[in-house]
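What follows is a set of notes on a single structure, which appears directly below.
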Amino acid sequence: MVQEATDNSRLIKLTVNGIEYERKVETRVTLVDFIRNELGITGTHVGCEHGVCGACTVMFDGQPVRSCIMLAVQADSHSVQTVESMSSGDQLHPIQQAFWENFGLQCGFCTPGFLLTVQDLLSRNPNPTDTEIREELSGNICRCTGYQSIIAAVKQAAIYMRQE
Amino acid sequence: MVSCLGQHNYMKIEHSKGIGESIKRLEDKRFLQGQGHYIDDLQLPDMLHAAVLRSPYAHATITNIDVDFALEQPGVVTILTFADLHSVKPIPIRLNPYGSLEPFLQYPLANKRVRYVGDPVALIIAHSRYQAEDVLDNIVVQYDPLPVNIDAEDKVSCPLHHDAKDNVASNFVQQKGDVVEAFNKAEHITKLRFTSGRHSGVPLETRGLIANYDATQEKLKVWGPTKVTHFNRGVLAHMLEMEEHTIEMIEPDVGGGFGVRGEFYPEDYLIPYAALMLKRPVKWIEDRLENLMACNHSREQIYEMEMALKKDGTILGIKVLLSNDQGGYIRTHGIIVPELSAAIFPGPYRIPNYRCEVRSVLTNKTPAGTYRAPGRYECNSSRERLLDLAASELMIDPVKIRSMNLIQPEDMPYEVGTESLGENIVYDSGDYPFALQEVVRLSKYEENRHVDHDNLSNKKVGYGIACFVEKTGLGPFEGARIEIDQTGAITVSTGAANVGQGLETTLAQIASSVLTVSPDSIQVLHGDTDLIPYGVGSFASRATVMAGSAVYYAAQKIRKKLLKIAAHTMNCQVEQLIISDGDICMIDHQDKRLTLTQVAQQSSPRNCPPDIEPGLDFTHYFRCNQMTFAHGATIVKVEIDITTCAIVPKHVWIVYDIGKAINPQMVKGQIEGGAVQGLGGALLEEFNYDPSGQLTSGSFVDYLLPTTTETPLLESKRLDRSPSTLNPIQVKGAGECGIAGIGGALANAVADALGDSGNNVNVLPITPEKVWQWLMPMQDKTN
Amino acid sequence: MKPAPFDYYDPDSVEEVLDLLQQYGDDAKILAGGQSLGPLLNMRLSTPQIIVDLNRVADLEYYKSDNTGLRVGAMTRQSTLEDDTNLRTTQPILAASIPYIGHRSIRNRGTVGGSVAHADPAAEWPAIMLALDGTILIRNTKGTRTVDASDFYVSALTTDLEPDEILVEIQLPNWVKTSGWSFIEFSRRHGDFAILGVAAYLTLENRRCTKSRIAIIGGGPIPIRTSKAESMLIGETISDALLKDVAEQASKELDPDSDMHASADYRRHLASVLVLSALQKATERANKSGGK
């Protein structure tokens, strides 16, 4: 149905990290601004706001997307997962553990985007080659590590995930 | 010669716990779980949001600004222009201020004239960032365009600044020996003009600030500063005409620094100013388009070089005319970047006669400052390319021309004859020939280069070498305070900053090695001006060297006190005690021991013996007026498709000596991260301007950062052959060794791959199109 | 970098979409996958009064093959096609080109219709449409019409679509088994828009070329087929010398721009190099698939 655009706000209902939220939101607000500023879930980072750097990657209905170039209203009746969904309590997700052990992060700003991208990669391809890892991660920019340790972390994570 | 103050009792590692071990980083757990606190993660009640109106012109006079209509728009609280700023001052220089540079300083908002695209013109404060941006187009600014200068070598351009006769901000010479005589004696002269392109640090997190006036504490609080928080507090106090102690600067988690982040920029004044004026919290988060035009650029330099040699390749002397493109203003770095270029240009080589004339010139571009290995990435690239060109002309192997001219270990300490940052450049230690041999061995350069050259396909392989010396551990001091509370909890506080490099871990490792506790039991606080009265910060690869040494001495002080109190409690002599696994025990009866917590309880004012001052709280300021120099050598292997001219870096080898590593894996990360940033500047990243001064690579679509697919294999090897004698932990800084040599090595590798056309290689970044142009004359001949 | 205000509609049927376009015309902007429009909104390079979001129109998200060819609904995500391994044999050139479109997270949102209609001269889909003689199904409130891809691209970022129309489906004829193909892109980084790219499609019968398509992206304001170069192949037996001449001709038919990533001359050079490799590869594949 066509909703009358009487003002520029909408009531939306969505699930983030398993919790259902209902909020009124201005239609022009990006998904990442909504998650961070309205819901206060700040693990997802804003790096470029034009869909290039990958820092804002979230899972949208289970698939990684760039939340800086989506609107919050588009998430109405959908489900979103952020980096906060990965670990349970103090128990790191195997991918997080592998990044930690392999020094796959420095400043940590790009890390949430990388972790979710890797989670998706390993769900589709549990034993990726170096070339596949490089191609799959090429949409996420890290300015600190030079990527070697990230690639090592992904290989380690793949082993952990296969063992589970 | 001024050395580091006091005698060093070099660290005796009683327990290896901590130092030299690649423990997992202590800060990572929060980053991995999305629990870091970066500036934009912080929200204060009642907070307002700022946006900056920036000049769309590269050079223009502002004839009028009309904000009336904009002020009436929804959500707008106020709009500030230059005229609204009360007793505003220009932003002062942080490093080596020269009075002669004052006419070129930047005011927080443009005063009747804009000098680059992005120059701040007005500040909008609104209830949301969305609303603040809504009125950017509603502020009516009348610009009267002026002639635009985007060429640092253009000598007859329109002066950018009223008080200046031309655009040369600074013109100076560094020299040693007699260059004229050297060229008279020359058997061969090699000439090269080499250009380093404009690029920058571009941290993944953009800048951001929150300022709030806390009426109960009568204190202005500013969240978001980093790198040099104590210095910036002084600048802000000066500019706002406040007492320094009424301002607190608080460093959040920081998403990368690389030299550009944390300097005092216009917004660092504007946001606190607005918060004070409105008595409400104000937040400003730089967006990426702003970041690429507002945050310091770097690297744009042109080197006109001449080198006098003997036929055998011995260097007799070098002459350099260095043009530095400074952009529209002199910012906090003054002219330190080209000064460092001139000072470090001789690099690891014996150059008996040297003259470098520097011209730092204002242009209508974003102002330039420091970026990881400032001045050295550029001068090393230029010098190493010059060496390969000379080797090619004299038909000498690139390894040989380097080996025969390198400074030898017995020459140490070696006085270069140049100066920078107020210090004579004196290399303290290092075995430069060994580093070169090692990288040649590691890369199998001798074996593979000829095999790869004989390959007849369209893919041409080349190897390039660069040797480098890196200045690290800049003084004059850094402090650390260590506190053990009565529960035994250990806290280290320092004025150095954590810009993402892992300072919390390295400092905890150093403290833990003295106190024999687990590093993860130590909390490290940093970057808040209220933690410690004096601080310098994190730049010039200094944090581990300077803050690490301060932590080491402060930990020694606290250790001594722990032993004293334990001796009293255990009724024995201090000499009978050691500290082991965090407990204080008797050397001869190790079962007789007190835990750290027990001793901490005994140190409280309630329990402490009357003749001992209670408390476990020590501060040490480590002072040093001499830099400690790391060094190394880099080899890059590239593959060039001579049909498309695609350039693929295949492999990088870096051998480096930083004396000693606190955490080897973290050091390796610094090397690899620096190397890839350097490859970015050598192949992909460039701020381009059109003739009207518009930045044409102002987004991540056009400013190309390297990703996993553009990154080659990196192999690095750390040598621990030349421990620093200037600090007790014997370390040199590691942060800039990965990037220092890679531009030159890459350029040389491309030249090597291009064979007869290789001598054309004279610029960074090297794009496929440039390779095509260099190859074209050859192809025309063969056609 | 925050979008300017707009009125937002997200109807769930094509009819409602068309009604809105009928009503608002030029004031409305269609939001499909948003991977190009999203950045433009954030940068305020696009400030439409009305946004009509197609993401809730389930009827536009499908693809099906039959004996006439492949039909793909406009809102089909790139990653949906990427994950269908059958397409690698039934539409090999299409399957090969999809991984070049941005990155996985872009392809999860990005749509076929959006990519075809956005008409970026450096994007992959327009080249595929041209090389494969694709057609475009367009609707407005009055009815539907079909346009050949070769007539669809008008000028830079401009197509044959009227303000009251939407692209609802693209159609690709079935793959001719005795054909060979190649898709080559040259960019500075993996996943970037091409500096230059080539889609080549050759059909051989009895060693002679009976059909040739050379579509080039990044070679001008619109994606183009180099028709003179194509016609040089028809009826000929393929030789390396011929392919070189064809490649030279193809590069002459371009009207490339100079920008910071590449000059017009270098783009022409790349065209001659890439067209040659693409044709060589296509010939090799055609020979293997029995088109000798």
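Quick notes
- Strands (runs of 3 or more DSSP E) enclosed by the range B:451-537 - at least 1 residues per element that are in contact (Cβ under 8 Å) with a residue 12 or more places away in the chain and farther than 25 Å from B:Gln601 by Cα: B:459-472, B:477-484, B:522-526
- Scanning the range A:109-155 for residues that are within 10 Å of chain B (Cβ to nearest Cβ), outside any helix (DSSP H, G or I) and out of contact with any His (no Cβ under 9 Å at 6 or more places or on another chain) gives A:Ile141, A:Cys142, A:Arg143, A:Cys144, A:Thr145, A:Gly146, A:Tyr147.
- Criterion violated by B:Ala554 - all others in (1) in contact with a His (Cβ under 7 Å, 6 or more places away or on another chain); (2) surrounded by fewer than 21 Cβ atoms within 10 Å (Cβ to Cβ); (3) closer than 30 Å to B:Tyr656 by Cβ satisfied: (2)
- Lone unmet requirement of (1) closer than 22 Å to C:Ile106 by Cα; (2) more than 14 Å from chain B (Cβ to nearest Cβ) for C:Ile184: (2)
- Hey, B:Gly234 modelled with pLDDT of 95 or more and surrounded by 24 or more Cβ atoms within 10 Å (Cβ to Cβ) or not: no
- Condition met for B:Lys185 (surrounded by fewer than 16 Cβ atoms within 10 Å (Cβ to Cβ) and in contact with a helix residue (DSSP H, G or I) (Cβ under 6 Å, 6 or more places away or on another chain)): no
- Residue identified as under 21 Å from the mean Cα position of the chain (by Cα) and hydroxyl-bearing (Ser, Thr, Tyr) among B:Thr190, B:Thr226, B:Thr216: B:Thr226
- Note on the range C:59-154: enclosed helices (runs of 4 or more DSSP H) holding 2 or more residues that are under 27 Å from C:Asp12 (Cβ atoms) are C:78-82, C:104-109, C:112-118.
- Residue match in the range B:147-157 (condition: outside the structural domain of B:Val676 (by TED's automatic domain parsing), touching a helix residue (DSSP H, G or I) at 6+ places or on another chain (Cβ under 9 Å) and not aliphatic (A, V, I, L, M)): no
- Check on C:Ser239, among the hydroxyl-bearing types (Ser, Thr, Tyr), over 21 Å from C:Pro173 (Cβ atoms) and away from chain B (no Cβ under 14 Å): yes
- If you go through the range B:595-634 and pick out every residue that is farther than 30 Å from B:Tyr414 by Cβ, among the β-branched types (Val, Ile, Thr) and touching a helix residue (DSSP H, G or I) at 6+ places or on another chain (Cβ under 8 Å), you end up with 3.
- Within the range C:229-245, tally of residues that are surrounded by 19 or more Cβ atoms within 10 Å (Cβ to Cβ) and assigned to a helix (DSSP H, G or I): 3
- Selection of the range B:672-729 for residues being under 22 Å from the mean Cα position of the chain (by Cα) and among the polar types (S, T, N, Q) yields B:Gln677, B:Thr707, B:Thr711, B:Ser716, B:Ser724, B:Asn727.
- Residue check, B:Glu685 in contact with a helix residue (DSSP H, G or I) (Cβ under 7 Å, 6 or more places away or on another chain) and either surrounded by fewer than 24 Cβ atoms within 10 Å (Cβ to Cβ) or more than 8 Å from chain A (Cβ to nearest Cβ) (or both): no
- B:Gly741 meets the conditions (1) away from chain A (no Cβ under 14 Å); (2) surrounded by 24 or more Cβ atoms within 10 Å (Cβ to Cβ); (3) closer than 23 Å to A:Gly54 by Cβ; (4) of a type outside the set (A, V, I, L, M, F, W, C) in every case but one. The failed one is (3).
- Top-ranked residue in the range B:160-181 [being acidic (Asp, Glu) and touching a residue at least 40 places away in the same chain (Cβ under 8 Å); ranked as nearest to B:Glu339 (Cα to Cα)]: B:Asp178
- Test result for B:Asp325, farther than 25 Å from B:Glu241 by Cβ, charged (D, E, K, R), assigned to a loop (DSSP other than H, G, I, E, B) and more than 14 Å from chain C (Cβ to nearest Cβ): no
- Of everything in the range C:9-18 that is under 20 Å from A:Asn8 (Cα atoms) and part of a helix (DSSP H, G or I), the residue that is farthest from the other protein chains (Cβ to nearest Cβ) is C:Val17.
- Among all positions in the range B:570-591, there is at least one residue which is surrounded by fewer than 16 Cβ atoms within 10 Å (Cβ to Cβ), under 46 Å from the mean Cα position of the chain (by Cα) and among the hydroxyl-bearing types (Ser, Thr, Tyr).
- Pick from the range B:735-744, criterion outside any helix (DSSP H, G or I) and within 18 Å of B:Ile635 (Cα to Cα), ranking: farthest from the chain's Cα centre (by Cα): B:Gly741
- Scope the range B:182-216; condition touching a residue at least 24 places away in the same chain (Cβ under 8 Å), over 30 Å from B:Gly741 (Cα atoms) and not in a loop (DSSP other than H, G, I, E, B); matching residues: B:Gly208, B:Leu209, B:Ile210, B:Ala211, B:Asn212, B:Tyr213
- The residue of the range C:206-228 that is modelled with the lowest pLDDT, among those that are assigned to a loop (DSSP other than H, G, I, E, B) and among the β-branched types (Val, Ile, Thr), is C:Ile222.
- Cβ pairs under 7 Å, 6+ apart, first in the range B:755-776 and within 12 Å of another protein chain (Cβ to nearest Cβ), second of a type in the set (D, E, K, R) and buried (at least 19 other Cβ atoms within 10 Å of the Cβ): B:Pro765/B:Glu685; B:Pro765/B:Glu686
- Some residue of the range C:46-53 being over 30 Å from B:Val52 (Cβ atoms) and of a type outside the set (Gly, Ala, Ser): yes
- Selection within the range A:77-108 - within 7 Å of chain B (Cβ to nearest Cβ), crowded, with 24+ Cβ neighbours inside 10 Å and within 21 Å of A:Tyr21 (Cα to Cα): A:Thr82, A:Val83
- Among residues of the range C:19-50, those that are at the interface with chain A (Cβ under 10 Å from one of its Cβ atoms), closer than 30 Å to B:Met293 by Cα and not in a loop (DSSP other than H, G, I, E, B), counted: 7
- Scanning the range B:630-688 for residues that are farther than 25 Å from B:Tyr432 by Cβ, of a type in the set (A, V, I, L, M, F, W, C) and assigned to a loop (DSSP other than H, G, I, E, B) turns up B:Ile642, B:Cys645, B:Ala646, B:Leu684, B:Phe687.
- Criterion (away from chain A (no Cβ under 12 Å), within 21 Å of C:Phe193 (Cα to Cα), surrounded by fewer than 24 Cβ atoms within 10 Å (Cβ to Cβ) and of a type in the set (Val, Ile, Thr)) met by exactly one of C:Thr76, C:Thr90, C:Thr80, C:Thr111: C:Thr76
The values are calculated or read from the model by the stated rules, or taken from the named source; none is laboratory data. If you're wondering where the values come from, they're calculated on a predicted model, not measured in any experiment. Quick reminder, even Gly has a Cβ in these numbers, built from the backbone with ideal geometry, and neighbours come from all protein chains shown.
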